[in-house]
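Structure record follows, encoded as structure tokens.
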Amino acid sequence: MTLVLLDSASLYFRSYFALPDSLTAPDGTVVNAVRGFADTIARILTDRRPSRLVACMDADWRPAFRVEALPSYKAHRVADPVNNVEEVPDTLTPQVPIILDVLDAFGFAVASATGYEADDVIGTLAHREKSDPVEVVTGDRDLFQVVRTEPTPASVVYVGRGWAKAEVLGPRELAERYALPVENAGPAYADMALLRGDPSDGLPGVAGIGEKTAAKLITKYGSLAGLLEAAAASPSDVALRVRSALTDAAEYVEAAALVVRVALDADVVQDRDDRVPSSPRDLELVRELQEKWDLGAPIDRLLAALPG
């Protein structure tokens, strides 16, 4: 019994850029992301064999609480500052409703939370899960922070280099990869990421502290809070260079904690039970969507992957 949580936007974005935009429906609508997303779910069902699955969606790609804490958060991706609209390829946006229609026709659960990102939905659902192991499927390293051992194991199936090179990372693998403490590898990763920064998300990080230094500091002092406490002590065994960098970046460090860490208490709304359907909820609708959008083989593969 495994609960799979899909970082849906991450997965359909990857499909969009991995597959040619010559994949179109009869009316000319580009459907590469839809086809790739359907194939991704089929691979998950075939290779991971989950009993439960939730497609987690962004209700807000750039939540106000994160922007208020750190205005640079994803600022470079804003296409319309007035309406806070993300810069997304013109041919991808129309595919999202089709993806949702396919998920609904098959009977897969979809979840979101007003004012939150899919990462927060995943963080909350993983945090709530007390009975089954959790696997998060994503191409985004930010979600490495959810790995854990208790109360049920949680791991990340990282598809940043494609499904053929997917990596399954639990606490031990994450700790080995980044030289982090295995006992709290997930939270330690979030603390390391905060110090390191991430230009793709508009997170400047702490000047002079790269990934390796950040990992060493978090491992030595146990957490960001432990590092800050040690840096403020007198005398302090934290290097003067690091103390100076933390002092200079104090405002960022305080704000970024809210930005980097996923929410664990989002008000998640889920449209149906998360059990993987043994057969499609509405096969006639599935076939209609398959024909209308020329989804062909990916839909057939997804049908074949259902547990029956």
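The values are calculated or read from the model by the stated rules, or taken from the named source; none is laboratory data. Since the structure is predicted, the reported quantities are computational estimates derived from the model, not experimental observations. Cβ: placed from backbone, ideal geometry, glycine included. Neighbour counts: every protein chain shown. Heads up: the accessible areas ignore ligands, DNA and RNA and are worked out on the full protein's heavy atoms, side chains in. Shrake-Rupley method; radii C 1.70, N 1.55, O 1.52, S 1.80 Å.
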* To do: For segment 169-187, enumerate the residues that are touching a Pro at 6+ places or on another chain (Cβ under 6 Å) and either open to solvent by 20 Å² or more (accessible area, probe 1.4 Å) or outside any helix (DSSP H, G or I) (or both).
  => VAL182
* Asked: Only one of (1) touching a strand residue (DSSP E or B) at 6+ places or on another chain (Cβ under 9 Å); (2) free of Cβ contacts under 8 Å to residues at least 24 places away in the same chain; (3) in a helix (DSSP H, G or I) fails for VAL67. Which number is that?
  -> (1)
* From the residues in segment 26-36 that are of a type in the set (A, V, I, L, M, F, W, C) and closer than 18 Å to ARG301 by Cβ, which one is surrounded by the most Cβ atoms within 10 Å (Cβ to Cβ)? -> VAL34
* To do: Mind telling me which of the residues LEU92, LEU45, LEU11 ends up being in a loop (DSSP other than H, G, I, E, B) and open to solvent by less than 40 Å² (accessible area, probe 1.4 Å)?
  => LEU92
* Leading residue by the ranking (surrounded by the most Cβ atoms within 10 Å (Cβ to Cβ)) among those in segment 118-130 that are farther than 15 Å from ASP60 by Cβ and in contact with a helix residue (DSSP H, G or I) (Cβ under 9 Å, 6 or more places away or on another chain) -> ALA126
* Which one of these is at pLDDT below 95 and over 24 Å from ASP274 (Cα atoms): PRO26, PRO20, PRO81? -> PRO81
* Asked: Only one of these conditions is not met by VAL54: (1) open to solvent by less than 10 Å² (accessible area, probe 1.4 Å); (2) hydrophobic (A, V, I, L, M, F, W, C); (3) under 18 Å from LEU258 (Cβ atoms). Which number is it?
  -> (3)
* Mind checking whether some residue in segment 104-117 is out of contact with any Ser or Thr (no Cβ under 7 Å at 6 or more places or on another chain), over 30 Å from ASP300 (Cα atoms), of a type in the set (Gly, Ala, Ser) and surrounded by fewer than 19 Cβ atoms within 10 Å (Cβ to Cβ)? -> yes
* To do: Show the residue pairs that are 6+ apart or on different chains and have beta-carbon atoms under 9 Å apart, the first residue being within segment 282-296 and of a type in the set (Lys, Arg), the second being open to solvent by 100 Å² or more (accessible area, probe 1.4 Å).
  => LYS292/PRO26; LYS292/ASP27
* Asked: If a residue has to be polar (S, T, N, Q) and either in contact (Cβ under 8 Å) with a residue 40 or more places away in the chain or loosely packed, with under 15 Cβ neighbours inside 10 Å (or both) to count, how many in segment 131-163 make the cut?
  -> 3
